[in-house]
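The values are calculated or read from the model by the stated rules, or taken from the named source; none is laboratory data. Note that this is a predicted model, so its numbers are computed, not measured. Cβ: placed from backbone, ideal geometry, glycine included. Neighbour counts: every protein chain shown.
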Amino acid sequence: MKGRLILLLTLVVAAAVASSNSTLSQATTPEPVTVSYCDLIQNPAAYDRKIVRTNAVYRFGFEWAELYCLNCYDGNHRTWVDFEDELCRGSKRIKAHGNIGRTVAVQIVGTFYGSGGRYGDGGYHYKFVVRCIEGAKTLANDSPSPRMLPPKVASVATCK
């Protein structure tokens with residue numbers, strides 16, 4: 001009987017600690033700053049290591065995972081994409097497409113790294129670690145380089 005009481009008390013205390021930790025982590029997560037992708041890469045120091053929300057084009061495939069926006073794409077200031085182990089509840093899903101990849105318009109929330117860059121294969125100046133995909137629309141079931149996009153896709157690969 002005494003053993004059961006100790007077990008019950010242990011479970012109650014563990015549940016309370018887990019609940020308070022969950023509440024604490026939710027309370028300490030700052031509200032993301034909404035910023036255009038072009039402003040993000042044109043002013044990387046202002047957003048370095050901050051949680052931001054942005055709209056961009058996400059291109060992924062065999063050896064690439066990058067964000068861009070044709071409004072400000074120059075090929076030199078590229079952003080590598082990583083994902084947190086667990087995305088937020090309600091995150092949209094982006095289906096894989098083998099080595100070919102996809103080109104997807106996204107609204108995402110995550111941490112932007114605007115310094116220290118040689119990310120991905122070393123050719124990316126910035127990194128964006130996605131924690132939530134709030135919106136996703138496939139633009140192409142392929143992932144060509146931004147400069148090689150078919151005109152129809154290029155016309156919608158701009159950002160707000």
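For the reader, a short list of remarks on this structure follows.
- Inspection of region 74-84 finds a residue satisfying the criterion of being surrounded by 19 or more Cβ atoms within 10 Å (Cβ to Cβ) and more than 14 Å from the chain's Cα centre (by Cα).
- Members of region 144-159 found to be closer than 20 Å to residue 54 by Cα and touching a Ser or Thr at 6+ places or on another chain (Cβ under 8 Å), listed by number: 153, 157, 159
- For region 121-157, filtering for residues that are closer than 30 Å to residue 89 by Cβ and not hydrophobic (A, V, I, L, M, F, W, C) leaves 10.
- Candidate set from region 17-47 (those that are touching a strand residue (DSSP E or B) at 6+ places or on another chain (Cβ under 7 Å) and surrounded by fewer than 16 Cβ atoms within 10 Å (Cβ to Cβ)); member that is modelled with the lowest pLDDT: 30
- Checking each residue in region 75-108 for being closer than 14 Å to residue 126 by Cα and assigned to a loop (DSSP other than H, G, I, E, B) picks out 75, 76, 77, 78.
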